[in-house]
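Structure record follows, encoded as structure tokens.
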Amino acid sequence: MTRVKLLIGAAAFAVALGGIVAQVTAEIPREDAMKEMGKNMKAIKEIVTAGGPAADVAPHAQKIAEIAAKIPDLFPQGSDTADDEAKAEIWQHWDDFTAKAKALQDEATMLASAAGGGDIATVGAQFEKVGGTCGACHKEYREKSN
Ligand code: HEC
């Protein structure tokens with residue numbers, strides 16, 4: 001009998017632990033993803049400031065577009081926690097939030113093609129637009145807006 005109880009206890013513990021792990025990992029991927037976008041933005045800025053080569057911007061822009069496409073999945077319903085910077089408005093204005101993610105994806109894709117074109121001035125102008133879409137979403141949906 002004791003053994004059975006222990007087993008049940010162990011199973012319940014495993015389930016509880018699974019729940020905690022799921023909660024913790026639910027928000028880390030998006031913060032990592034955002035940081036990754038930040039790194040790529042910084043790399044692009046350095047290339048633009050140095051005056052090129054424009055083509056070097058392409059892989060960074062593609063990476064940002066790739067991450068942007070995953071933004072909706074990174075913010076599952078109910079993943080808001082007290083200590084993150086995601087505002088509850090995200091889930092109240094979900095269509096607008098995903099539209100802002102799509103805007104970033106589109107502008108970053110355009111940046112990748114601009115990079116292919118080779119003109120650093122065009123790349124610089126498009127880079128500003130990409131940065132604008134980061135800010136537009138943060139302003140509405142991130143606690144610490146920038
Ligand atoms: C569709 C909305 C949206 C877009 C677009 C967006 N972000 Fe974010 N970003 C957020 C939200 C919401 C948070 C807060 C997430 C959290 O704390 O759980 C955040 C957090 C961050 C963070 C902090 C991560 C951390 O460690 O807490 C960085 C850095 C960041 N974003 C960079 C960027 C950059 C760079 C871009 C553009 C290339 C961008 N974001 C585009 C919504 C967005």
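Couple of notes before you dig in:
- In order along the stretch 42-55, the phi-based Karplus estimate (6.51 cos²θ - 1.76 cosθ + 1.60, θ = phi - 60°) of 3J(HN,Hα) comes to 5, 4, 5, 4, 5, 5, 4, 4, 6, x, x, x, 4, 4 Hz; Gly and Pro are listed as x.
- Couplings 3J(HN,Hα) of the stretch 125-138, computed from phi: 5, 6, 4, 4, 5, 4, x, x, 6, 4, x, 4, 6, 4 Hz, in residue order, whole Hz [Karplus 6.51 cos²θ - 1.76 cosθ + 1.60, θ = phi - 60°; x for Gly and Pro].
- The stretch 91-146, Cα convex hull volume normalised per residue, Å³: 58
- Among residues other than MET37 with Cβ under 14 Å from its Cβ, the summed charge is +4 (Lys and Arg +1, Asp and Glu -1).
- Dipole magnitude for the stretch 35-113: about 320 debye, using +1 per Lys or Arg Cβ and -1 per Asp or Glu Cβ, origin at the Cα centre.
- Taking all protein chains together and rolling a 1.4 Å probe, HIS93 ends up with roughly 90 Å² accessible.
- Coarse-grained scattering of the stretch 39-86 at q = 0.14, 0.23, 0.28, 0.31 Å⁻¹, given as base-10 log I(q)/I(0) from a Debye sum over alpha-carbon atoms: -0.50, -0.80, -0.97, -1.07
- Space enclosed by the convex hull of the alpha-carbon atoms of the stretch 28-141, per residue, Å³: 85
- Too-long pairs where the Cα-Cα distance tops 18 Å, listed order kept, from LYS63/LYS129; LYS42/LYS63; LYS70/LYS144; LYS63/LYS144: LYS70/LYS144; LYS63/LYS144
- Rolling a 1.4 Å probe over the protein heavy atoms leaves SER113 with an accessible area of roughly 80 Å².
- Rolling a 1.4 angstrom probe over the stretch 28-141 with all protein chains present gives an accessible area of which 56% lies on carbon and sulfur atoms.
- In the stretch 77-131, GluC sites (Glu not before Pro) in a DSSP loop with at most 16 other beta-carbon atoms within 10 Å: GLU85
- Order of exposure, largest accessible area first, which applies to LYS102, LYS87 with probe 1.4 Å: LYS102, LYS87
The values are calculated or read from the model by the stated rules, or taken from the named source; none is laboratory data. What you see is a predicted model; the values in this text were computed from it and never measured. Every residue, glycine among them, receives a Cβ derived from its backbone with ideal geometry; neighbour counts consider all protein chains shown. Heavy atoms of the whole protein, side chains included, go into the accessibility calculation; ligands, DNA and RNA do not. Shrake-Rupley method; radii C 1.70, N 1.55, O 1.52, S 1.80 Å.
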